[in-house]
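S.K.: Have a look at this one before I ask anything.
The values are calculated or read from the model by the stated rules, or taken from the named source; none is laboratory data. Note that the structure is a prediction, hence the values are computed from the model and not measured. Every residue, glycine as well, gets a Cβ built from its backbone with ideal geometry; the counts of neighbours run over all protein chains shown. For accessibility, only protein heavy atoms count, side chains too; no ligands or nucleic acids. Shrake-Rupley method; radii C 1.70, N 1.55, O 1.52, S 1.80 Å.
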Amino acid sequence: MIICIDFETTGLINEYSLDPEDQPGIVQIGMVRLDHDLVEEESFNEMVNPELRDTGKWAQEAQDISNITPDDVVGKPTFFSIFPRFAEFVRGSKYLIGYNHTGFDIPVLDWQLKRYGCQHNFPWPPRHLEIMDLASEYMDIQGKRGRKNPKLVEVYKELM
């Protein structure tokens, strides 16, 4: 099985802190489970209350990108409360893939797991596939990447 994953968060990773409370909270989890023929088997989409008492920790840029505000997650389940379903969805998969997931989604998930003491209970798939790296190589070959990694919308436009 293959799990495609994407998170929306309250902001970016705080490179200057080792305290999980200083790291962004997950506000939405989106996943799709694919079989080895890339046929969708099931999806998982959940809004999450990141339990940030200080809404000042929500980066405005993150709100602008995701269109998710602190008010949108009031009363939503916490990561800790959905962790069993989340972990079960991932369990048994061979690959975890995403766009910039090794640079962002996985570190955010790792901090979230540490925040709740679940870091030793997550069934990490044995292989990770970074779509951004593949897209960068493809666009390099096409002579269309330039110096930066392409944004997902640029890759979409190139492939369509």
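S.K.: How would you rank 87-97, 25-35, 59-69, highest first, on the average number of other Cβ atoms within 10 Å across their residues?
M.R.: So the order, starting with the most tightly packed, is 25-35, 87-97, 59-69.
S.K.: Rounded to the nearest 0.05, what FRET efficiency is calculated for residue 45 and residue 22 with R0 set to 22 Å and r the Cβ-Cβ distance?
M.R.: E between residue 45 and residue 22, to the nearest 0.05, is 0.20.
S.K.: Another question, then. Might you report the magnitude of the Cβ-based charge dipole of the chain about its Cα centre, with Lys and Arg at +1 and Asp and Glu at -1, to the nearest 20 debye?
M.R.: 220 debye
S.K.: Keeping every protein chain in place, order 9, 78, 102 by accessible area at 1.4 Å, biggest value first, i.e. largest first. Walk me through the intermediate numbers first.
M.R.: On the way: 9 10, 78 30, 102 70 Å².
Result, largest first: 102, 78, 9.
S.K.: List the relative contact order of region 4-93 as a percent without decimals, with contacts defined as Cα pairs under 8 Å and 6+ residues apart.
M.R.: Answer for region 4-93 is 27 percent.
S.K.: Semi-axes of region 29-151's equivalent ellipsoid from the Cα gyration tensor, sqrt of 5 times each eigenvalue, largest first, rounded to whole Å? Each step should come with its number before you reach the end.
M.R.: Values: eigenvalues 147, 91, 36 Å².
They are 27, 21, 13 Å, listed from largest to smallest.
S.K.: Additional query: Defining a contact as two alpha carbons under 8 Å apart and six or more residues distant in sequence, what relative contact order in percent does the chain show?
M.R.: RCO, the chain: 24 percent.
S.K.: Could you please state how large a percent of the accessible area of the chain is carbon and sulfur, counting protein chains only and using a 1.4 Å probe?
M.R.: Values: 4820 of 9520 Å².
Of the solvent-accessible surface of the chain, carbon and sulfur hold 51 percent.
S.K.: Further question: On the full set of protein chains, 1.4 Å probe, figure out the accessible area of residue 57 and give it in Å² to the nearest 10.
M.R.: Result for residue 57: roughly 100 Å² accessible.
S.K.: Could you report the chain's accessible area per residue, 1.4 Å probe, as an integer in Å²? Write down the numbers at each step before the final one.
M.R.: Working: 9520 Å² over 160 residues.
It amounts to 59 Å² per residue over the chain.
S.K.: Moving on to the next point. Under a 5 Å amide H to amide H cut-off, with H placed in plane at 1.01 Å, what residues pair with residue 78 once short-range neighbours are removed?
M.R.: Counting only residues 5 or more places away or on other chains, the set is 49.
S.K.: OK, next. Once amide H atoms are built 1.01 Å from N in the peptide plane, which residues 5 or more positions from residue 97, or in another chain, come under 5 Å H to H?
M.R.: Residues meeting the criterion, in which the H sits 1.01 Å from N, are 3, 4, 5, 129.
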